[in-house]
Amino acid sequence: MGAKKRWLFTLFSSAFLSLLFLLVYSISAFSSSKQFPSIVHHGTHYPPTFAYYISGGRGDKDQIFRLLLAVYHPRNRYLLHLSAEASDEERMRLAGAVNAVPAIRSFGNVDVIGKPSRLTYMGSSNLAAMLRAAAILLRMDAGWTWFVSLSATDYPLITQDDLAHVFSCVSRDLNFIDHTSDLGWKESQRIQPIIVDPGIYLARRSQIFHATEKRPTPDGFKHAVHGTKIKVTHMLYFCVNVTCGDSYSTTAGSPWVILSRSFLEFCILGWDNFPRTLLMYFNNVVLSEESYFHSVICNAQEFKNTTVNSDLRYMIWDNPPKMEPHFLNTSDYDLMVQSGVAFARQFQRDDPVLDKVDEKILKRGHKLAAPGAWCTGRRTWWTDPCSQWGDVNVVKPGPQAKKFEETIKNLLDEWNSQMNQCK
C-alpha cells in the first residue's frame, strides 16, 4: 500500500506541475498577444526610422529571418524578398516565422514579397528589384527616413537603438553611398559592354546575354560608379577617407546603399525625367546596381551635394579583388568591431561569429528579436523580453554606439569640407 501511495503521489505531482506550467505559459502568451502596440511618432523631434529591403535566394529563408530579428525595431519598416528561384513553400514558411514573433504580429511592420522578381547575376534585374522594393516601401509607409539595402549574407554590428541614436544628429537628406568618377577599368568592362538581362524578359533562369560590340561612353552625363580605394595588399575594405593616398587604386565593390527618402522619391515618383533616362541606359549595363544610383545622384543638382562617400559596410577583399568579398569568421571579429561601421558582409549561414555578435553586441537570444529600450519584458530562459513593450519612440544606445558615432563624425567632417562629394 505504501508503494502504491508513493506512485500515486508522484503521478499527481507531475500532472499538477505540468498543468501549472501550461497555465503560466498561457497567461503570458495571452497577455502579450492582447497588448496594444505603442504609437510610433515621426518627425524631427523623434528618432529617424529606416526602411529595410532584405533580399536572398533559394535556401536563404533562415538567414533572412535571423537578419530580420537582428535589425528589428517597431519604428522601422521591413520588406523581405526571396527571389523567384526559391520555392513558394520556402516563402510561406518565412512568412509564417515572421508572423510568429509577437511584436511583429502586433506592429505589422514586416512584409514578405509574394510575387518575387527573377534575379540574374550581374544583370539589371537586381536594380529593378531594388527600385521595386523602394517603390513598395514608399507607398506602404509615409514615415521612414532612410532606405537600407541588405542581403541574406549581411549582419549588423550595432543595435537599432545605436543606429537611430547616431543618425538623429545626421541631416535627413544625406545619402551614404560610395562613389567615384574615376571609372578606370570599369569603363571598358562595365560601362561600354552591352548586355541583356533575361530575368526581366523571360520566365526561366538564364545568364546575361552579351552583345558582340561595345558602345561609346555617353557624354550627356557624368558617370559615377561604386568603388572605394583599397591598398594593393590584402586589407580592410572600409576606409573612412576614400582618397586614402597615392598607393591606392580603384576597385569594384558591393551595391549596398543607405539612401534618403527624398532622393528615392526623386528616382521613383517622376517629377524629373532624368532618373528614367538613365534607367533606360543602365538597363543594358553590367552590374547596373553599382552605378545607377551613383550616376543619378552625382548628376542631379538637387542631390549632388548630399553624398557621404561611404556605405558603412565592413568587408575584406582579395588582391586582386574577386566578384565577392571574403566570408568573415571569428578571426575577423575584433577588427570588425573596431571598424565602427553599421554592417558587415559576408557571412556563412550560422557561422559562430554571428553568435558572438548576438551575445556581445546585440544581446540577442536564439530566435529572438534584438532587444532595445522598447522591450519591457523580463528576460528568462522561457520568455522573450520583447514580447512586451513600452514607448517605442525612446532609444537607448549601447557601448558600440560610441565607435559608430566617431565614424559618422569623421564622415560628416569630410562632407562639410566637400572633399569626397561628387566631382
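The values are calculated or read from the model by the stated rules, or taken from the named source; none is laboratory data. Fair warning: this is a prediction, and the values are worked out from it, not measured in the lab. Quick reminder, even Gly has a Cβ in these numbers, built from the backbone with ideal geometry, and neighbours come from all protein chains shown.
Of the candidates D318, D384, the single residue that is at pLDDT below 95, of a type in the set (D, E) and over 30 Å from A128 (Cβ atoms) is D384.
For the stretch 264-320, the set of residues classified as in contact (Cβ under 8 Å) with a residue 12 or more places away in the chain and basic (K, R) consists of K304, R313, listed by residue number. Being acidic (D, E), in contact with a helix residue (DSSP H, G or I) (Cβ under 8 Å, 6 or more places away or on another chain) and surrounded by 18 or more Cβ atoms within 10 Å (Cβ to Cβ) is a property that D161 has.
Only one of the numbered conditions (1) under 20 Å from I39 (Cα atoms); (2) touching a helix residue (DSSP H, G or I) at 6+ places or on another chain (Cβ under 8 Å) is not met by M140, and that is (2).
Only residues that are over 20 Å from K403 (Cα atoms), surrounded by 17 or more Cβ atoms within 10 Å (Cβ to Cβ) and charged (D, E, K, R) were counted across the stretch 332-350, and they come to 0.
Tell me whether the stretch 150-170 contains one or more residues that are aromatic (F, W, Y) and in a helix (DSSP H, G or I). Yes, because at least one residue in the stretch 150-170 is aromatic (F, W, Y) and in a helix (DSSP H, G or I). I'd like the residue in the stretch 310-352 that is among the aliphatic types (A, V, I, L, M) and part of a loop (DSSP other than H, G, I, E, B) and, out of all such residues, is farthest from W415 (Cα to Cα). Checked the stretch 310-352; the qualifying residue farthest from W415 (Cα to Cα) is M323. Under the condition of being of a type in the set (F, W, Y) and modelled with pLDDT of 65 or more, which residue from the stretch 175-208 is surrounded by the most Cβ atoms within 10 Å (Cβ to Cβ)? Looking at the filtered set, the residue picked out is F176. Residues that are within 23 Å of R261 (Cα to Cα) and either without any contact (Cβ under 8 Å) to a residue 40 or more places away in the chain or part of a helix (DSSP H, G or I) (or both) within the stretch 71-103 comprise V71, Y78, L80, listed in sequence order.
If you go through the stretch 288-309 and keep only what is crowded, with 24+ Cβ neighbours inside 10 Å and in a loop (DSSP other than H, G, I, E, B), you end up with just S291.
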